[in-house]
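Since the structure comes first, as structure tokens, the remarks are kept for the end.
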Amino acid sequence: MPTWHLDNAEELAAQYRYTFYRPSSSVLARIAPGDCVKLIFRFESMDPDAPAAERMWVVVDEVLPHGHFTGHLDNEPRYILDLKHTDPVAFEASHIINTQLDDEEDSLVGRYARRCYVTRRVIDDGCLVGYLYREAPDDDEDSGWRITANDESEDYMDDATNLAYVSLGVVLNLDDSFIDLLDEPAGCAYLRNPETGHFEPCDQESSDG
């Protein structure tokens, strides 16, 4: 038995829908022999420094019915010992995480790629977003959004290690209850009503944190 198997991109995209890009169905339908597609090869290793998987390109040799393909590996694995460059690989459309074809469809990953500052109460401790406000962005990568659980103390907020600068998609994967607010302009602020769970507009100074 091989030491590796292919990850299911459909399942990963469903679990991390705001950060895991998967080609649109129109792109998958256009794949032809000679095209390159990227797959995730998950493997077992005794090497403690080895990653859990290698993402590698495969050249499509044959397009079969019902979303099945055959191809050959176009990379040399760094950690997988029983897989070599040009080895045959059978896979399905559900395994494909990228292609070299243009994808003109809007994706959630691209839509929420801009960054925000968020406390680790939200991204590490699993707290729901309780308060968020928007400033003028620092640069083109910055969305301007600042997101907290709204139970952080002043000392907590003064410690820079308690803040993370991540894509909006990272936060949305954990809690997307505020997604309808993200097109609001700089200067706005919203506080979650603990009784209804809905966000209500407020002054930036009205946070409890």
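Quick one: how many residues across the stretch 157-183 are in a loop (DSSP other than H, G, I, E, B) and within 21 Å of residue 107 (Cα to Cα)? Please lay out each step first, then the result.
At the first step, the residues of the stretch 157-183 found to be in a loop (DSSP other than H, G, I, E, B) are 159, 175-178, 182-183.
Subset that is within 21 Å of residue 107 (Cα to Cα): 175-178, 182-183.
Here the count works out to 6.
I'm checking my understanding of the structure. Among residues of the stretch 1-45 that are in a loop (DSSP other than H, G, I, E, B) and open to solvent by 80 Å² or more (accessible area, probe 1.4 Å), which one is farthest from residue 111 (Cα to Cα)?
So the first thing to find is which residues in the stretch 1-45 are in a loop (DSSP other than H, G, I, E, B), and the list is 1-3, 7-8, 16-24, 31-35, 44-45.
After this cut, where a residue has to be open to solvent by 80 Å² or more (accessible area, probe 1.4 Å) as well, the list is 1, 16-17, 33, 44.
Details: 1: 41, 16: 14, 17: 11, 33: 31, 44: 35 Å.
Top of the filtered list is 1.
Scanning the stretch 65-112 for residues that are of a type in the set (Val, Ile, Thr) and either part of a strand (DSSP E or B) or closer than 14 Å to residue 32 by Cα (or both) turns up 70, 89, 96, 97, 99. The combined condition, being under 27 Å from residue 168 (Cα atoms) and not charged (D, E, K, R), is not fulfilled by residue 31. Checked against the criterion of being touching a residue at least 60 places away in the same chain (Cβ under 8 Å) and either surrounded by fewer than 20 Cβ atoms within 10 Å (Cβ to Cβ) or within 17 Å of the chain's Cα centre (by Cα) (or both), the candidates 133, 117, 112 yield just one match: 112. Does residue 62 satisfy the criteria of being assigned to a strand (DSSP E or B), closer than 14 Å to residue 5 by Cβ and either open to solvent by 30 Å² or more (accessible area, probe 1.4 Å) or touching a residue at least 12 places away in the same chain (Cβ under 8 Å) (or both)? Judged against the criteria, residue 62 is not a match.
The values are calculated or read from the model by the stated rules, or taken from the named source; none is laboratory data. Keep in mind the model is a prediction, meaning the values are calculated, not measured. FYI the Cβ positions are ideal-geometry reconstructions off the backbone, even for glycines, and counts take in every protein chain you see. For the accessible areas, the whole protein counts, side chains as well, though only heavy atoms, and no ligand, DNA or RNA atoms are used. Shrake-Rupley method; radii C 1.70, N 1.55, O 1.52, S 1.80 Å.
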